[in-house]
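What follows is a set of notes on a single structure, which appears directly below.
The values are calculated or read from the model by the stated rules, or taken from the named source; none is laboratory data. These numbers come from a predicted model, not from an experiment. Quick reminder, even Gly has a Cβ in these numbers, built from the backbone with ideal geometry, and neighbours come from all protein chains shown. Only protein heavy atoms, including side chains, enter the accessible area calculation; ligands, DNA and RNA are left aside. Shrake-Rupley method; radii C 1.70, N 1.55, O 1.52, S 1.80 Å.
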Amino acid sequence: MRRMLGWGLLVLCAACGASRPAVVRAPAAQASVEESSPTFEEPRSTARRYVDEDLGFEIIRPGAEWQLAEKEEQNTPEGLTIPVVLRHRATRAEVVLQVAPAVATPIQFAERLNQGLREQPGFIASELEPLALSDSAVGFNFEVGADVRGRVAVTEGSPGRVFMMLATWPSDAPAGVSQSVETLFGAVRPLPERGL
């Protein structure tokens, strides 16, 4: 259910009006991890710091409970990329990072996502609210029936990009899961421009 929801929102994000051609990334060797730990069932990284120079972001993992999995199929025809998914083993929360060309502001992306979700059967979405991630960051909560809760955060990324983060978790997850998700949202940061 959560994976279907994440990919469903990918389609909604792609429909936000992006019209640029697909972004073609260099091989995965461009991404790096530091302070590696052992991996688990699936190929994933439990590194403390994950850097993707091509897409201009880093993730400072807030704790060992969050595991990072790199995605292989990343690009849509609209230029939207899903480079990583982070999973919290204890709560079963999942955060999908999407990087989009900055063809709209974070508020415009969030408004379109919010409206798109409200049009889907079974989805209930809250109003947009400013987030402390940056001056441009906005987000909202959503529910899918009685089983799934979620949160969306949209903020400026590296130059020419917007970061969209989608979190989902089971409705019966512990009460602190939303704070854990907020902490992870804050752990995704744009890299400084090269040469500065």
- Task: Express the carbon and sulfur contribution to the solvent-accessible surface of region 114-196 as a percent, rounded to the nearest whole number, probe 1.4 angstrom.
- Result: 50
- With a 1.4 Å probe and every protein chain left in place, work out the accessible area per residue of region 71-136 in Å², rounded to a whole number. 51
- Taking the mean number of other Cβ atoms within 10 Å as a proxy for protection, how do you rank 155-166, 109-120 from highest to lowest? 155-166, 109-120
- Which order do GLU127, GLU53, GLU58, GLU143 take when ranked by solvent-accessible area (1.4 Å probe, heavy atoms of all protein chains), largest first? GLU127, GLU53, GLU143, GLU58
- Task: Classify region 54-196 as rounded, prolate or oblate, taking a ≥ b ≥ c as the square roots of the eigenvalues of its Cα gyration tensor: rounded when a/c is under 1.5, otherwise prolate if a/b is larger than b/c and oblate if not.
- Result: oblate
- From most to least accessible, 1.4 Å probe, no ligand or DNA/RNA atoms counted, ASP52, ASP172, ASP135 line up as ASP135, ASP172, ASP52
